[in-house]
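The values are calculated or read from the model by the stated rules, or taken from the named source; none is laboratory data. As the structure is a prediction and not an experimental result, all values here were calculated from the model. Counting neighbours? That spans all protein chains shown, and the Cβs are built from the backbone with ideal geometry, glycine included.
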Amino acid sequence: MANPLSLFMPVLPGTTINTLLGVLGANQAQKDQALESIGTVHFARFLLLDSASPNLQPDMSKADVPTNTLVLGVITEYDGSFNAYISDFCAQLGTVFDAMLQYVVGGAAVIPVANNVAGFERFVMVNDASQHLPNTALYQAYPQTVQQILAAFS
């Protein structure tokens, strides 16, 4: 059975869209490799939202303008327990999260995440909308784990 993670982190006031896009883009290959090596991730996406925009899309014409309305999101579906998943995140994606968290409200307190697994876990629990009502439901079209799916196609 897959589990959801919908991590929404308010960005520190004064940060620009381009700053965050630089952090996210610079680490794409590392994120992909780490998520594959974890072996329990069905889907994952990192996204930038703007709470001041009606459709939450950042206004790229203002990408260099400091703002107070950005939210950094990490949305995944994974197999196994939350604790094991967060431990894997810390071990495999610690430096990626360290780069992102320096721009997130409360993020500095858990950097470096590889050395602060319990603190990072608490931080994620507070900011994971999937763990709080009314957002706890997840539809799953199939019961297989990532490893079962990969084995069927190898």
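Among the residues of this structure, Leu93 does not count as one that is in contact with a Phe, Trp or Tyr (Cβ under 8 Å, 6 or more places away or on another chain) and surrounded by 18 or more Cβ atoms within 10 Å (Cβ to Cβ). Scanning the range 16-38 for residues that are surrounded by fewer than 18 Cβ atoms within 10 Å (Cβ to Cβ), modelled with pLDDT of 95 or more and touching a Leu at 6+ places or on another chain (Cβ under 8 Å) yields no hits at all. Would you check if there is a residue in the range 59-68 being out of contact with any strand residue (DSSP E or B) (no Cβ under 9 Å at 6 or more places or on another chain), under 23 Å from Ala137 (Cβ atoms) and of a type in the set (Asp, Glu)? So far as the range 59-68 goes, no, none of its residues is out of contact with any strand residue (DSSP E or B) (no Cβ under 9 Å at 6 or more places or on another chain), under 23 Å from Ala137 (Cβ atoms) and of a type in the set (Asp, Glu). Pairing residues of the range 21-46 that are in contact (Cβ under 8 Å) with a residue 40 or more places away in the chain with residues that are small (Gly, Ala, Ser), at Cβ distances under 6 Å and at least 6 apart in sequence or on separate chains, gives Val23/Ala99; Leu35/Ala44; Thr40/Gly80; His42/Ala2. Taken over the range 16-43, residues that are of a type in the set (Ser, Thr, Tyr) and touching a strand residue (DSSP E or B) at 6+ places or on another chain (Cβ under 6 Å) amount to 1.
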